[in-house]
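The values are calculated or read from the model by the stated rules, or taken from the named source; none is laboratory data. From a predicted model like this one, the values you see are computed outputs, not experimental measurements. Heads up, the Cβs are rebuilt from the backbone with ideal geometry, glycines too, and the neighbour counts pull from every protein chain shown. These area figures cover heavy atoms from the full protein model, side chains too; ligands, DNA and RNA do not enter into them. Shrake-Rupley method; radii C 1.70, N 1.55, O 1.52, S 1.80 Å.
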Amino acid sequence: MKSWWVGLSLRERQWVGLAGAVTAVFLLYLLAWLPFQRATQQRRVDVETQRELLAWMQAAGKELNALRADGSGQAVIASGSPLSAAEELAQSMELRSHITRLESESSGSVRVSFEKAPFDRLLRWSERMASERGIRIDRVSMDPTGEPNRVNAVFTLSRAS
């Protein structure tokens, strides 16, 4: 390689050096800068998506709180356990496949865990649990999954008195 380099004229060495420098800059751009730029752009999109999801969840939370505070819909179906009511309504609303845990607690309440459930359908489910089934929602915990309109949620339910 060294003998080849020495065998080149000054002008040829300058051209080969220039071509090497251009190739190095091009490779640096392709292997370092471009992936960094794409990752940065993806993070910006992710942040914007998360902000939209947060705004939507806050608005839906206010709507849920308003529905709870309203209390206008009282139980139409007041029979059966909260456990069976939760499972039955989830089945009818096509949420059953998202239930990962359904358990009775010693206090008579029921804990229902959902995974990657559609948020809007979950809100309707919770509203119908109160208005149609006479079930009180004692506690709710929701976390976004990173997918639009999907949340992981845990509801603690009991019979409304």
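Beta-bridge orientation, the chain: approximately 100 percent antiparallel, per DSSP, counting only bridges with both partners inside.
Summing charges over neighbours of PHE155, with a neighbour being any other residue whose Cβ is under 10 Å away from its Cβ, gives +1 when K and R count +1 and D and E count -1. Phi angles across the stretch 28-35 convert, under the Karplus curve 6.51 cos²θ - 1.76 cosθ + 1.60 with θ = phi - 60°, into 3J(HN,Hα) values of 4, 5, 5, 8, 10, 5, 4, x Hz, Gly and Pro given as x.
Net charge in the neighbourhood of ARG128 (other residues with Cβ under 12 Å of its Cβ; Lys, Arg +1, Asp, Glu -1) is 0. The three principal axes of the Cα atoms in the stretch 1-136 give end-to-end lengths of 97, 27, 25 Å, sorted in falling order.
Placing a pseudo-label 7 Å from each Cα along the Cα-to-Cβ vector at GLU115 and ARG68 gives an inter-label distance of 2.6 nm. In this structure, the amide hydrogen of ILE135, modeled 1.01 Å from its nitrogen in the peptide plane, lies closer than 5 angstrom to those of ALA130, ALA160, counting only residues at least 5 positions away or on a different chain.
In the elastic network of the chain, a GNM with C-alpha springs shorter than 10 Å, the most mobile of TRP33, TRP15, TRP56 is TRP15. Starting from the Cα gyration tensor of the stretch 99-161, take the square roots of the eigenvalues, sort them a ≥ b ≥ c, and report rounded, prolate or oblate (rounded when a/c is under 1.5, otherwise prolate if a/b is larger than b/c, else oblate). It comes out oblate by the Cα gyration axes.
Working note: Karplus 6.51/-1.76/1.60 with θ = phi - 60° gives the stretch 149-158 the couplings 6, 10, 9, 9, 9, 10, 10, 10, 10, 8 Hz, where Gly and Pro are set to x.
Were the residues from ALA39 through ALA160 laid out at 0.36 nm apart, the gain over their Cα-Cα distance would be 38.6 nm. Counting only protein heavy atoms and a 1.4 Å probe, the stretch 90-161 has 51 square angstrom of accessible area per residue. Residues whose amide H falls under 5 Å from that of THR100, counting only those 5 or more places apart or on a different chain, are SER113, PHE114, GLU115, with hydrogens built in the peptide plane. Accessible surface of LEU53, taken over heavy atoms with a 1.4 Å probe and every protein chain present, rounds to 20 Å².
Each residue of the stretch 11-20 was assigned a 3J(HN,Hα) from its phi angle through the Karplus expression (A = 6.51, B = -1.76, C = 1.60, θ = phi - 60°), giving 4, 5, 4, 5, 5, 5, x, 5, 4, x Hz with x at Gly and Pro. A simple spin-label model places pseudo-atoms 7 Å from Cα toward Cβ; at THR100 and PHE26 they are separated by 4.9 nm.
Considering only LEU95, LEU54, LEU18, the Gaussian network model of the chain with Cα springs below 10 Å gives its largest mean-square fluctuation to LEU18.
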